[in-house]
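The structure under discussion appears below in the form of structure tokens.
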């Protein structure tokens, strides 16, 4: 019906084709571009800063309160938290598909309800919408001359950051490096003690003299006056004039300047950033959940020239841009699709030897792709990413298959002497059902993808939609566009084209004829030696299944993202000034090992900023740690991969930093997403509360992982031996002397670290920016253990005591940070994998972990990529089983038989022989992408069997002997089978080779399909005819119960 309508209305078909092309162009220009489909796993981060508090105090007083509040939010899957010096962060991970805005709103309500439970001095909680892949998508460097680090940070924090965070799609722009301006009141301990004062008295005096308080209104006659008391100090020097207390006997008052120096300075340097060896400030921009990466990066980069307030001599420029890798990956896929399409056209021309015929069939590619873009934009709601474009690149060879079969059959009917119109109608009608059946069978294999769970579902549904849309469009093109065009180009004739193109095409035709004759002889020989052929195929299939577990497994293919990280861990307690010396050595080693021409930028970040929530985003747990981020030039411009670069640097640094641990991580955005936020692909979670038991257990597990071949960069998330001084207060003695525990603790904190938990506020009258006023002892009064014991404390009767009177100072050690998951403490033992597949390394780890005797209350599980791999593999295996069922049911409906589909299904195990061979020969581990290629292969390989069996049925129904019918069907259908196979294979070849940056993602998928289709085609041409003869002659006993006696008689002749 469709073909008849098209033949009767060729102008309408032309107009529809033009409309499809135009709408397709409009759609593709409006579809957003990104690296991956929307795989947002909603996360809400709740944080509270409590300056001066240690990790264990943070955990007990803040983290546990936040966890209980956030865990009651609807839709929460699990809770994670981190307690660090001065800050608590709780991350609520929500189920797939949760509305992040609603989740954040619910979290805010729960947090507001528990704010009264927070300790005095804790700052107000903040709530940020995130997702598991929430990391910086663009890094900006700020540097220049004529400006110090304090002014540089002030410029970044007060001028640049607010303007960047107003850019649509930007979540935060965190700052690293520089120094925060701080008004420091540096007190002299002896001067205070001689006047019976403490540092806390200075804090109280400043608080009483510098504040903001409205005074009300005054009505005077007919006028209302707003009354404001000038209570804020507008000049830093005036802070020295604040009166702390009257002098003895009402004499001269004691001013701040009498006991302290007032300095307009900066906070202690605990964070140092270097940009290509030069000190500077970095701003790391993160996008909001669901925002398009390329669009956000474009808007951020476009905003840089518009930023107001950057003084002359200062430069703000991008250092890292994740959109570059995305663009290059997309371009690689487009190039692969283009090359695949050109190769497919070349195959069509070689087989048809006609320019016009090649042109007719090749139209199926742009028309199908244009229709796919329309459907993706209006129906699918998808972005252009590595999976949607990968689907097009994978299917570009398959898009012409239907058209090839239709046009080849039309020409066969034309060679019978029929008119162009009649040949077009009869040829299309004859193959309409098998073409429809093969298309539906190919499409049907993708439906089970909707039953997948986790990340596999989110990754492959866009690929599935793309291929389904493209194949459906290609069928419509084959049945509605190809027949009218075959009538229009009447000169297209195989014989005529052969004569025109001369001896080369003649030789090619002779080769095709010889191939047909050879195939016929081979098929007849196989039909006479059925047992041998079947036995040989069974042995090959058994060998493939034997090799399958030995090719290795991984979750997702590794990609070269032109960047890597080096984590530096010095001895616990190392000051940041010493840590940065290790950074210098690492930076020099990078340049020496890789060469300056191969390195785009080096950004180092040593230590951790204590103020402004700097520790929330930092990868460094303390001042003893640093991270060096290396950006390489594109892969085409360097002689080594990112992993090879890591090994070169590792070798260069060997033995140069004794006592310093180094960890390497290759990869960027894609690796982070696939790890689901984990630091490494192999992540062993040790869940349990007791710190000492956890220390022993993670030490044992770390030794196990380090002993496994292929496991490198083994690290433990918890560092337990950070030096600390515990002040054990004698509560009874302190009470007798009139001191509360809080007063003692606050006195120590203020004297040593400053009043960080309750700082004063100074408002700059020029800029309006606010800065902290911090009171503490001068450095010489707080640089050793005895100074801490000499901290003065004043009793209620005015007597001055020292800390040693009411407390003991005990050296101890504690964790740098405390991580929790499922509301229980967790330690992560992580490792990278090098030289072996993730599945093999994880299997070895799991085997050895099974022998560990766990302490009571502890559990151990593998997380990271390994858990995602196991979950995805199980889902994909079930999807493959469902795909096989759907394909069989589709063919049974088309053949109206249970026998013929059963015969055709033998193409699938034949394809598995090729899949295993292709993966093994190319050293490609079995990943979720390769698994998806196997599922896709199921739908493709049955197409050849359908064409063969359907035509054999027609010949047998006409009275031909079953054996002769299948031989003739094989000979006649050999050409379209070889054409469709060759176009599919060559269309996939560029992707299977993976020649562009970012192309590694779809390489396993393409190789699985190429291997499966190649082997299946070879075996199908011989095995399927043999099985067809065997089952047809056995009759309808079990394979075809619904059949008439007349057809049974025909089958058994």
If you scale each eigenvalue of the Cα gyration tensor by 5 and take the root, what three semi-axes come out for the stretch 910-1043, rounded to whole angstrom and sorted largest first? 34, 15, 11
In deg cm²/dmol, rounded to the nearest 500, the helical mean residue ellipticity at 222 nm of the chain, built from -39500 (n - 2.57) for every DSSP H run of length 4 or more, is -16500 deg cm²/dmol
With everything on Cα atoms, drop me the angle between helix 10-30 and the longest principal axis of the chain, reported from 0 to 90° to the nearest 10. 20
Just to be sure I understand the model, the point goes 7 Å from the Cα along the line to the Cβ. What's the resulting residue 238 to residue 923 distance in nm? 7.3
Starting with the highest mean, order 478-486, 933-941 by the number of other Cβ atoms within 10 Å, averaged over the residues of each peptide. 933-941, 478-486
For 451, 834, 36, order by how many other beta-carbon atoms lie within 10 Å, fewest first: 451, 834, 36
Just order 437-447, 853-863 by mean Cβ neighbour count inside 10 Å, highest at the front, would you? 437-447, 853-863
Give, as ranges by residue number, the residues of the stretch 798-830 whose backbone N falls under 19 Å from the point 7 Å along Cα→Cβ of residue 68. 820-825
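May I ask you to compute the full-extension gain from residue 652 to residue 21, defined as 0.36 nm times their residue separation minus their alpha-carbon distance, rounded to one decimal in nm? Numbers along the way, then the final one.
On the way: separation 631, 0.36 × 631 = 227.16 nm, distance 5.54 nm.
Result: 221.6 nm gained on full extension.
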Cβ-Cβ FRET estimate between residue 733 and residue 191, R0 fixed at 45 Å, reported to 0.05: 0.95
Using alpha carbons only, how many degrees (0 to 90, rounded to 10) separate the axis of helix 322-352 from the longest principal axis of the chain? 0
In which sequence would 770, 336, 588, 719 go, from the one with the fewest C-beta neighbours within 10 Å to the one with the most? 770, 588, 719, 336
How would you rank 848, 643, 246, going from fewest to most other Cβ atoms within 10 Å of each one's own Cβ? 246, 848, 643
Ranked highest first by average number of other Cβ atoms within 10 Å, how do 592-600, 401-409, 370-378 line up? 401-409, 370-378, 592-600
Evaluate the distance, in nm, between pseudo-label points positioned 7 Å from the Cα of residue 2 and of residue 706 along their respective Cα→Cβ axes. 6.4
Cα axis of helix 741-752 to longest principal axis of the chain: angle in degrees, 0 to 90, nearest 10? 80
Between residue 896 and residue 822, what's the calculated FRET efficiency when r is the beta-carbon distance and R0 is 45 Å? Round to 0.05. 0.25
Rounded to whole Å, sorted largest first: equivalent-ellipsoid semi-axes of the chain, Cα gyration tensor: 72, 30, 25
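For residue 451 and residue 303, what does the FRET efficiency come to when R0 = 45 Å and r is the distance between their Cβ atoms, rounded to the nearest 0.05?
The computed FRET efficiency comes out at 0.55.
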Over the chain, what is the mean sequence separation of C-alpha contacts under 8 Å (at least six apart), divided by residue count, expressed as relative contact order in percent? 17
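The stretch 562-666: D in µm²/s via Stokes-Einstein (Kirkwood Rh, Cα pairs, 37 °C, 0.692 mPa s)? Provide the component values of the computation, followed by the final result.
Working: Rh = 14.1 Å.
Stokes-Einstein gives a translational diffusion coefficient of 234 µm²/s.
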As a test of understanding, state the convex hull volume per residue of the stretch 41-132 from its alpha carbons, in Å³. 74
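None of the figures in this text is laboratory data; all of them are computed from the coordinates on show. Computed from a prediction, not measured in an experiment: that's the story for all the values here. A quick note on method: Cβ atoms are made from the backbone with ideal geometry, for glycine too, and the neighbour counts reach across all protein chains shown.
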